[in-house]
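Shown next, in C-alpha cells, is the structure this report addresses.
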Amino acid sequence: MEITTTDLGLAARVQHLTKTYGTGQSAVHALDGVSVGIRRGQFTAIMGPSGSGKSTLMHVMAGLDGPTEGRAWIGDTEITGLSDLELTVLRRRRVGFVFQAFNLVPTLDALGNILLPFELDGRQPTAIERARIEGLVETLGLATRLRHRPHELSGGQQQRVAIARALATGPDLVFADEPTGNLDSASGREVLSLLARASREQGQSIAMVTHDPIAASHADRVLFLGDGRIVADHPGLSAEEISAHMLDAAVSA
Ligand SMILES: Nc1ncnc2c1ncn2[C@@H]1O[C@H](COP(=O)(O)OP(=O)(O)OP(=O)(O)O)[C@@H](O)[C@H]1O
Ligand SMILES: [Mg+2]
C-alpha cells in the first residue's frame, strides 16, 4: 500500500529537491537535495544564513516556482507536473504566502489587497471569513489604514497587510518569509502569537522563515538550512538554544 502524505500528517513535503540558477561556471545551487515535510497543525521555523536557500525552498514548496529536480506535494497532491492553472487554483484555495518583499498591488488600498484572494477566486468572503478579516485587521492594528494604498503605508504596515491577506481565507498551509522583519518588537510579538494561535487553535500548518531567535522560539520545530541543505531539525527550542546553534554554525562555516 502506498503511504500518502495524509497518513504521514504532512501538509506539504518535498523529496530530493534541487534548484539550480544559471548554468556552467555561474551556476548557483540554491537547493541541493532537500527532503523535508511540514507537519500538519505545526508552527515550523526555518532559519539559516542569508543565501542558504530559505526563500527558494518556500517558493518551491508553495508551488510558486518549480524545482530543477525532485518532487513536491501540497497535502496529497503532487504539485510538480501540475499545469499553471491547476497550480494557481490549488494555491488560491489552500495556501497563504507572506513574501519577503510583501508583493502588495500598488493600485489597490489595504482593504483591496486583503480581499484580493477572494477577488481572484471570483467570490465574496463568507460571514465567517468577514469576521476573520475583521479580527485580523483589529489584531494587526490596520483599522485606520484600510483606505491607504501601499505607498502611503510604512514598511511594517505593508508587512501587516501582507499577513492579513495571507490569513484572510484561513488556508490550511501558510508560508511566511520573515513576517516580522520590518516590525517593532510589540507588533512582531502580535504577529508571532497570531501565527502560533493559527496553528494551535485552527490547526493551520505554518512555515516561517526568520533570522530572529526569539521569533523562532515561538515555533514547535526549527529547521536550519545551510548551503541549500537541511543541516538540523529540532523540536521547539528556546531563544538561547537557537542563538547557540546559530553561533556554532557560523563558527564551523
Ligand atoms: N532568481 C534567481 N536567480 C539567480 N540566483 C538566485 C535567484 N534567486 C535566488 N538565487 C540565489 O540562490 C541562493 C538562495 O537564495 P534564497 O533567496 O533562497 O536565500 P535566503 O536563504 O532566502 O536568503 P535571505 O536570508 O537573504 O533572504 C542565493 O545564493 C541566491 O543568490
Ligand atoms: Mg530569503
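The values are calculated or read from the model by the stated rules, or taken from the named source; none is laboratory data. Since we're looking at a predicted model, the values are computed, not measured. Please note: Cβ atoms are built from the backbone with ideal geometry, for glycine as well, and neighbour counts cover all protein chains shown. Accessible surface areas use protein heavy atoms only, side chains included; no ligands, DNA or RNA. Shrake-Rupley method; radii C 1.70, N 1.55, O 1.52, S 1.80 Å.
Quick look at the numbers
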quantity: Selected residue (only one of PRO125, PRO171, PRO106 is loosely packed, with under 13 Cβ neighbours inside 10 Å, away from ligand 2 (no atom under 16 Å from the Cβ) and part of a loop (DSSP other than H, G, I, E, B)); calculated: PRO106
quantity: Close pairs (9 angstrom Cβ cut-off, 6 or more residues apart or separate chains): more than 15 Å from GLN159 (Cα to Cα) in region 79-108, β-branched (Val, Ile, Thr) and surrounded by fewer than 17 Cβ atoms within 10 Å (Cβ to Cβ) anywhere; calculated: GLU86/THR77; LEU90/THR77; ARG94/THR77
quantity: Criterion (modelled with pLDDT of 95 or more and on the phi < 0 side of the Ramachandran plot) met by exactly one of LEU85, LEU57; calculated: LEU57
quantity: Test: residue in region 28-42 that is surrounded by 16 or more Cβ atoms within 10 Å (Cβ to Cβ), touching a helix residue (DSSP H, G or I) at 6+ places or on another chain (Cβ under 7 Å) and among the polar types (S, T, N, Q); calculated: yes
quantity: Unique residue being of a type in the set (S, T, N, Q) and within 16 Å of ligand 1 (Cβ to nearest atom) when the list is THR144, THR139, THR210; calculated: THR210
quantity: Among the residues listed as ALA186, ALA215, ALA249, the single one being within 16 Å of ligand 1 (Cβ to nearest atom) and farther than 19 Å from ILE38 by Cβ; calculated: ALA249
quantity: Residue pairs meeting the criteria (Cβ under 6 Å; at least 6 apart or on separate chains; first more than 16 Å from GLY96 (Cβ to Cβ), in region 133-152; second modelled with pLDDT of 95 or more and open to solvent by 50 Å² or more (accessible area, probe 1.4 Å)); calculated: PRO150/PRO106
quantity: Filter result for the condition that a residue is within 16 Å of ligand 1 (Cβ to nearest atom), within 26 Å of THR56 (Cα to Cα) and in a helix (DSSP H, G or I), over GLN159, GLN100; calculated: GLN159
quantity: Region 81-100, residues that are open to solvent by 40 Å² or more (accessible area, probe 1.4 Å) and more than 16 Å from ligand 2 (Cβ to nearest atom); calculated: GLY81, LEU82, SER83, ASP84, LEU85, GLU86, THR88, VAL89, ARG91, ARG92, ARG93, ARG94
quantity: Some residue of region 193-208 being at pLDDT 90 or above, open to solvent by 20 Å² or more (accessible area, probe 1.4 Å) and over 25 Å from ARG132 (Cβ atoms); calculated: no
quantity: ASP233 being within 16 Å of ligand 1 (Cβ to nearest atom) and among the charged types (D, E, K, R); calculated: no
quantity: Residue within region 51-69 that is assigned to a loop (DSSP other than H, G, I, E, B), open to solvent by 40 Å² or more (accessible area, probe 1.4 Å), touching a strand residue (DSSP E or B) at 6+ places or on another chain (Cβ under 6 Å) and of a type outside the set (S, T, N, Q) present; calculated: no
quantity: Complete set of residues in region 200-253 that are acidic (Asp, Glu), out of contact with any strand residue (DSSP E or B) (no Cβ under 9 Å at 6 or more places or on another chain) and farther than 23 Å from VAL98 by Cα; calculated: GLU240, ASP248
quantity: Test: residue in region 231-249 that is closer than 22 Å to LEU64 by Cβ, of a type outside the set (Lys, Arg) and away from ligand 2 (no atom under 16 Å from the Cβ); calculated: no
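The rows are residues; the columns are (1) over 13 Å from the mean Cα position of the chain (by Cα); (2) modelled with pLDDT of 95 or more.
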| site | (1), (2) |
| --- | --- |
| LEU146 | yes, yes |
| LEU153 | yes, yes |
| VAL174 | no, yes |
| LEU183 | yes, no |
